[in-house]
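For reference, the structure is listed below as structure tokens.
The values are calculated or read from the model by the stated rules, or taken from the named source; none is laboratory data. On a predicted model such as this, the values are computed, not experimentally measured, just so you know. Reconstructed Cβ throughout: ideal geometry from the backbone, glycine too, with neighbour counts over all protein chains shown.
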Amino acid sequence: MKNQVNRHFAKTFKDTKYHSKTQSYNGRNYQSILECNYAMQLDWRVKAKEVKEWIPQFKLDLRVNGCHITNYFIDFKVIFADGHEEYHEVKGYETDVWKMKWDLSKALFPDYTFVLIK
């Protein structure tokens, strides 16, 4: 009986790596409920004309001295009504790899505004 419970427990959380629950909104799947809720908030900000548009999973090409190191898919690129841009990351659990990519992004793109949503 104990093994059956453990197998069920493993299946329940198998869908994501860090036990977050995927969530769908407006035809798109998000990695967590927090990220999905933030997408909804961005839509409201578009309706309020504060945000012009937002792009989910925006790819940043991280290069050092012309050498490609890795890609970082930041959760949202947000373009505001006044034209300025920000890069928003919605984060629950912070991994070492994520911290490295976050710090590397800020160092490689010092003119970009990075915002961490927790």
Review point. Looking at the range 22-45, which of the residues that are loosely packed, with under 15 Cβ neighbours inside 10 Å and at pLDDT 95 or above is farthest from the chain's Cα centre (by Cα)?
Key: TRP44
Review point. Does TRP102 count as surrounded by 15 or more Cβ atoms within 10 Å (Cβ to Cβ) and assigned to a strand (DSSP E or B)?
Key: no
Practice item. List every residue pair whose Cβ atoms lie under 9 Å apart, where the two residues are 6 or more positions apart in sequence or sit on different chains, the first residue falls within the range 36-55 and is of a type in the set (D, E, K, R), and the second residue, located anywhere, is modelled with pLDDT under 95. Key: ASP43/TYR25; ASP43/ASN26
Exercise for review: For the range 105-117, enumerate the residues that are hydrophobic (A, V, I, L, M, F, W, C) and either in a strand (DSSP E or B) or under 25 Å from ILE33 (Cβ atoms) (or both).
Suggested key: PHE114, VAL115, LEU116, ILE117
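Residues in the range 58-86 that are of a type outside the set (A, V, I, L, M, F, W, C) and either farther than 19 Å from TYR38 by Cβ or touching a Lys or Arg at 6+ places or on another chain (Cβ under 6 Å) (or both): how many?
Going through the range 58-86 one residue at a time, the tally reaches 10.
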Check your understanding: What single numbered condition from (1) assigned to a strand (DSSP E or B); (2) surrounded by fewer than 16 Cβ atoms within 10 Å (Cβ to Cβ) fails to hold for GLU94?
Key -> (1)
